[in-house]
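Engineer: Once you've had a glance at the structure underneath, I'll fire off some questions.
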Amino acid sequence: MFSPSPIIIVHRETRLEGVLRRWGTRGQAKFVIRQAAAMERARQAESTGAPVLARKAPLTAPAGADTYAELENEDHVYRESLVALQRELNLEERVQLVHRDYVPTFDFGLSQVVVVLGQDGMVANVAKYVGDAPIVGVNPDPARFDGVLLPFQVSQARAAVQGVLKRTHKTRRVTLAEALLNDGQRLLAFNDLFVGSASHVSARYALVHQGRAEQQSSSGIIVSTGAGSTGWLSSVFNMTSGVAGFLGSRTEHGFTMSWEERKLVWVVREPFKSKHSRITLVAGTLEPRQELVVQSAMPEGGVIFSDGIEIDFLTFNSGAIARIQIAEQ
């Protein structure tokens, strides 16, 4: 009977692979990217009144744009890192490659260590599915990626994994958020949960927190962990601080929490006040054994997703009730 390997390497599709999947061949992909650059150059020249010599001028990309050569280089570095990582982890234990797309359905139950060959967002996404298996985050391209969640270089991966297998490693535990629907479906979040509409229309729902309840219409609710408090949540505080400054008030730019802190912060985005919706429950915290209850009033298009991964969502339409709390995991 097949069983997962003790060592799992999670890898991903590069941007070049995504482009090739869309356009079929390298020649076609290169042509499309070069043409986009030429059209932008022509548009900029037209707006400044400069002559456009489309047939003679070199096809250069606008400042800051990705060229095909850049995508090729990024792809090459990632592939080389994956090969080198497999070589570094040529230990006595069996190693298995798992593509990022298969992580939500993969059984990590018997895995002793999960090695994630970044970017940072992959660590956040994988963490929701591995249970108690330690994660070793490896930075495949330090020149491109900050690697906040990728503390190890490829050359350091062997020692890190051996430390886990010998149980001499140190770990950093992360508080996760959990959304549990009344039909039993469950979704975890490393950084944050979003509850709202899949499109730009207003989300309608009933919100209950600490014995207080009200009907709301908003752009949705964000529930953040400590790990996510420097991400999406921080942008909400930046917006409120900027608006307050515009109105002549001084406010703090928000706050951050440690990854381990057993607390969640929730914020309602752009709450709208009307005859049918209120705005008294706008932000708060969730301590252990506390919950935020949200009952959908959206006939269609309601969703709950985590960590910005919109394709991995729970349907949240009328009749659905979500209880959001600190996860036991």
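Engineer: So, with +1 on the Cβ of K and R and -1 on the Cβ of D and E, and no other charges, what is the size of the charge dipole of region 127-211 about its Cα centre, to the nearest 20 debye? Can you show the working numbers first?
Structural biologist: On the way: 10 positive and 6 negative charges, 80 e Å.
Using Cβ point charges on Lys, Arg, Asp and Glu, region 127-211 gives about 380 debye.
Engineer: Here's something else I'd like to know. Would you grab the residues whose amide H sits under 5 Å from the one on E291? Only those 5+ places off in sequence or on another chain, please, with H modelled 1.01 Å from N.
Structural biologist: Answer set, sorted by chain and number: Q210.
Engineer: Once the Cα atoms of region 158-219 are picked out, what are the Rg and Dmax in Å?
Structural biologist: Calculated on Cα positions, Rg and Dmax stand at 19.3, 54 Å.
Engineer: Taking the Cα centre of region 137-192 as the origin and placing charges on Cβ (Lys, Arg +1; Asp, Glu -1), which of Q153, G184, V164 is farthest toward the positive end of the dipole?
Structural biologist: V164
Engineer: Turning to a different aspect of this structure: HN-Hα J couplings of region 187-202 from phi, Karplus 6.51/-1.76/1.60, θ = phi - 60°, integer Hz, Gly and Pro as x?
Structural biologist: Working through the residues one at a time gives 9, 9, 9, 7, 9, 6, 9, 10, 10, x, 9, 6, 10, 8, 6, 5 Hz.
Engineer: Compute the distance in nm between two label points, each set 7 Å from the Cα along the Cα-to-Cβ direction, one at S258 and one at E300.
Structural biologist: Between S258 and E300, the label points sit 4.8 nm apart.
Engineer: Search the structure for amide H atoms under 5 Å from the amide H of L97, placed 1.01 Å from N in the peptide plane, and list their residues when 5 or more places away or on another chain.
Structural biologist: Those qualifying (amide H under 5 Å, at least 5 residues apart or on another chain) are I9.
Engineer: Treating only the Cβ atoms of Lys and Arg (+1) and Asp and Glu (-1) as charged, compute the dipole magnitude of region 173-329 about its Cα centre; round to the nearest 20 debye.
Structural biologist: Using only the charged Cβ atoms, the result is roughly 560 debye.
Engineer: Taking the Cα centre of the chain as origin, sum charge times position over the Cβ atoms of Lys and Arg (+1) and Asp and Glu (-1), and report the length of that vector in debye to the nearest 20. Kindly include the intermediate steps, with their values, before the conclusion.
Structural biologist: On the way: 35 positive and 34 negative charges, 90 e Å.
So the magnitude is around 440 debye.
Engineer: A follow-up question, please. List the relative contact order of the chain as a percent without decimals, with contacts defined as Cα pairs under 8 Å and 6+ residues apart.
Structural biologist: Relative contact order here is 16 percent.
Engineer: Can you send over the solvent-accessible area of M39, 1.4 Å probe, protein chains only, in Å² to the nearest 10?
Structural biologist: Number for this one is 140 Å².
Engineer: Kirkwood hydrodynamic radius of the chain from all distinct Cα pairs, in Å? Write down the numbers at each step before the final one.
Structural biologist: Values: mean 1/r = 0.0441 Å⁻¹.
Computed over Cα pairs of the chain, the Kirkwood hydrodynamic radius comes out at 22.7 Å.
Engineer: Which of the GluC sites (Glu not before Pro) found in region 213-304 are in a DSSP loop and have at most 13 neighbouring Cβ atoms, other than their own, within 10 Å?
Structural biologist: Here the sparse-neighbourhood loop sites are E252, E260, E300.
Engineer: Just add up the charged neighbours of E214: K/R +1, D/E -1, any other residue whose Cβ is under 11 Å from the Cβ of E214.
Structural biologist: Neighbour charge sum, excluding E214 itself: +3.
Engineer: Can I ask one more? Short version: ³J(HN,Hα) in whole Hz for each residue of region 218-234, in order, from phi by Karplus 6.51 cos²θ - 1.76 cosθ + 1.60 (θ = phi - 60°), x for Gly and Pro, what are they?
Structural biologist: Along region 218-234, the couplings run 7, 8, x, 10, 10, 10, 10, 8, x, 5, x, 5, 9, x, 4, 4, 5 Hz.
Engineer: At a probe size of 1.4 Å, how large is the accessible area of T285, to the nearest 10 Å²?
Structural biologist: Accessible area of T285: about 50 Å².
Engineer: Then there is this: Using the Cβ atoms and a cut-off under 11 Å, what net charge is assigned to the surroundings of L20, where Lys and Arg are +1 and Asp and Glu are -1? Spell out each step's value before the answer.
Structural biologist: Working: positive: R15, R21, R22, R26, K30; negative: E13, E17, E72, D75.
Residues near L20 contribute +1 overall.
Engineer: As a test of reading the structure, rank F255, F272, F246 by solvent-accessible area (1.4 Å probe, protein chains only), most first.
Structural biologist: F246, F272, F255
The values are calculated or read from the model by the stated rules, or taken from the named source; none is laboratory data. Quantities reported herein were computed from a predicted structural model and do not represent experimental measurements. So basically every Cβ, Gly included, is an ideal-geometry build from the backbone, and we count neighbours across all protein chains shown. Side chains are part of the model used for accessible areas, which takes the heavy atoms of the whole protein and leaves out ligands, DNA and RNA. Shrake-Rupley method; radii C 1.70, N 1.55, O 1.52, S 1.80 Å.
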